[in-house]
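Student: After the C-alpha cells below, expect a handful of questions from me.
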Amino acid sequence: MDSFPGRSKESLYWHEVMLPRGPSVLGSLNGSQSSTRSLPAAPFKVLDAPNLRDDFYCSVLAYSYSCQTLAIGLGNIIYTWSDKEGVRSVNGSQQDATWLTSISFSSVESKMSLFAAGRSDGTFIVMSLLETSPRFEIQQSYSVACLSWRPCSALRFSSNPLNPNTLVATEDLVVGDECGDLYYYLVEWPMISENTSEHWPGSISLVARISIHSQQICGLAWSPNGDLFASGANDNLCSLLNVNEILAPQYLGLRRDNHGAYSPYLGNLVDTSTQATLTPNETRSYDSWDNGQGSSSAVAGVSPGMIRLSQTNVRNLASGCQSQVWTHQAAVKAIAFCPWLHGLVATGGGSNDKCIHFFHTVSGSSLATISVAAQVTSLIWSNTKREIAATFGYAHPEHPYRIAVFSWPNCSQIAAIPWEDDLRALHAVPYPCILKESKGSDDNASAVNECIVVAASDKTVKFHEVWSTEGSRVVTRSRMFGGSDILEDLQGIIKEGDVIR
C-alpha cells in the first residue's frame, strides 16, 4: 500500500409532493432491496495519509487532468501522487498551529497545472506543478475555508507593464473565508519561457468581494461553462451567482466557444491595471524558474514572500447579488453542476439535513430531494451515465454505506459501497482510471473508467471504481426536469434519444 510521509425509511420528494416510493435508500442499503448494479466493495488502491485532518469543513483533495496528478493536504504539507512519480512533497512545513483547508487545480483548458491551496492562518498560495515554489502567497484577514478555480480561462488585457495592450489568457479564482465572505481574483500566469525573458512573474488581482453568507464557506462549485458558480456555507444556504453580474464589465474578457473561437462576455474590454494587483517588485524570489537570477523583495511591513492586497477599487457586493438562494437544514459542502444537462445542480446538506437536493438554476425550482440518512460530503456526476455519486459522513440512523450512486431523473438508488469500522468519507474528487487495451492494439489506446478518490477518517485515501465504460447506453431526455414542460422549454430540452459520449 502506498503512503504519504509523515433507520427511518427514506422518501423521495418532487416539487414538494411525496411520490410513490421506489426502492428506499435504507431499504436497499440494508439488503431488503437489491441494488441494480454491483460495485466492488474494496477500493482498488489505498494510500496511507498520516496527518489527514478529520474535518468535515476541509476539502484537501484535488486532481489535475493536465498532469494526471492527485494533490492532497496532510496537516500543513501539500503532497502529490501519480502513477509515474509516486509521492512527493511540494509545499509546506510541519506547523501544528496551521493546517491546509482547501486545494484546487486551475482549468484544464489553460494547461498550466496551477493549484491554489488555502490555510487556516488566512494565507493561500498559487503555484504550478511544473515549478518548485509558489509565485504568489496572499494573506487574507481570516482563515481560508474553501477555494475553487473557474473551469475555463478568459482573454483579458495583460497587467504586464511591458505589454499593457496585449490580450492574454487569464484564470479566475474564488476564495471563501471562515466569516462567509467570497473573494474573486484574476490570475495572469506567464509561462516559464515568457517570464524568464521579461523577468515578470505574472499578477494576481482582487476584483470583487462578495458578502452574502453569515458563516463559514463550506463548498464552492462552477457550472461547466464557467458562467455560474455556487457557494455553500455553514449558515445553511447555497447561493448561485452569475459571473456576468459579479464582475465589472471591463473584467469579463473573452472566452473560447464550442468551436474554439473566442467570443466576448457581456461588457467591454478595458485595461485592468487599476485593480489591486500584485506587481513585479512585490513578489518573492523566483529562483525555481530563473536559474537563480531572480531577486527577492516584499511589500513594506510584510515579511518577504507574503502579500497583502489593497482593496482599493475592489467591487463590493452584498446580499441581493445572487441569482438564486436555496435554504437547507444544515451546512452545505457538497455542490455539483450536471455536466450533460445545463440548468441542473445538486447540493448536499450536513448532519441536520441529510439530503441530496436537485435544483433548476434558471427558475430556482426545487426538482427533487433524496433523503440519505447521512451527512453528504461530496457529489460527483458521471460524464457517461445519467447518474450521480454521493459520499457520506456521519449517518443517522446508523448504516455502513459511505458511497452511493443514484440515477437521474428518477432518483432511484443504483448501487452502494459499505465501509467498515464506522469510517466516514470526508471529501471526494473524480478520478479517471485509464485502462490499457489488450495486446496487439495501439499502444496509446486506452479505456477510461470513472472512479472517485475519497479522503477517509482513518487517515487513508481510497480509490473506488464507480462507473465503467462498459454499458454506456442510450438514454432519453424526457422528464429531465421532473416532467415539467415549462422548465424543459426554458432549457430547450428536446424529448428524443441522446447518447452521452
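The values are calculated or read from the model by the stated rules, or taken from the named source; none is laboratory data. These figures come from a predicted structure and were not determined experimentally. Note that each Cβ is placed from the backbone with ideal geometry, even for glycine, and that neighbours are counted across all protein chains shown.
Student: So which residues in the range 128-152 are part of a loop (DSSP other than H, G, I, E, B) and of a type in the set (S, T, N, Q)?
Tutor: So in the range 128-152, the residues part of a loop (DSSP other than H, G, I, E, B) come out as 129-135, 140-143, 150-152.
Hits for the range 128-152 are THR132, SER133, GLN140, SER141, SER143.
Student: Shifting gears a bit: Would you check if there is a residue in the range 202-212 being over 23 Å from the mean Cα position of the chain (by Cα), more than 25 Å from ARG88 (Cα to Cα) and assigned to a loop (DSSP other than H, G, I, E, B)? Reasoning before the result, please.
Tutor: Residues of the range 202-212 over 23 Å from the mean Cα position of the chain (by Cα): 202.
Now narrow it down to the ones that are more than 25 Å from ARG88 (Cα to Cα): 202.
Going one step further and asking which of them are assigned to a loop (DSSP other than H, G, I, E, B), we end up with 202.
Yes: the range 202-212 contains one or more residues that are over 23 Å from the mean Cα position of the chain (by Cα), more than 25 Å from ARG88 (Cα to Cα) and assigned to a loop (DSSP other than H, G, I, E, B).
Student: Taking the conditions exactly as written (closer than 24 Å to ASN352 by Cα and of a type outside the set (Lys, Arg)), does ASP172 satisfy them or not? Lay out the reasoning, then the answer.
Tutor: Values: closer than 24 Å to ASN352 by Cα: no; of a type outside the set (Lys, Arg): yes.
For ASP172, the condition - closer than 24 Å to ASN352 by Cα and of a type outside the set (Lys, Arg) - is not met.
Student: Go through the range 227-244 and give me each residue that's of a type in the set (A, V, I, L, M, F, W, C) and in a strand (DSSP E or B).
Tutor: First, the residues of the range 227-244 that are of a type in the set (A, V, I, L, M, F, W, C): 228-230, 233, 237-238, 240-241, 243.
Those that are of a type in the set (A, V, I, L, M, F, W, C) and in a strand (DSSP E or B): LEU228, PHE229, ALA230, ALA233, LEU237, CYS238, LEU240, LEU241.
Student: Taking the range 401-415 as the region of interest, how many residues are under 11 Å from ALA390 (Cβ atoms) and among the hydroxyl-bearing types (Ser, Thr, Tyr)?
Tutor: 1
Student: Moving on to the next point. Which of (1) surrounded by 24 or more Cβ atoms within 10 Å (Cβ to Cβ); (2) under 26 Å from GLY364 (Cβ atoms) does TYR185 not meet, given it meets every other one?
Tutor: (2)
Student: Now for a separate question. Please determine whether any residue of the range 305-321 is closer than 17 Å to ASP181 by Cα, surrounded by 21 or more Cβ atoms within 10 Å (Cβ to Cβ) and modelled with pLDDT of 95 or more.
Tutor: No: the range 305-321 contains no residue that is closer than 17 Å to ASP181 by Cα, surrounded by 21 or more Cβ atoms within 10 Å (Cβ to Cβ) and modelled with pLDDT of 95 or more.
Student: Please count how many residues of the range 353-394 are modelled with pLDDT under 95 and either part of a strand (DSSP E or B) or touching an Asp or Glu at 6+ places or on another chain (Cβ under 6 Å) (or both).
Tutor: 1
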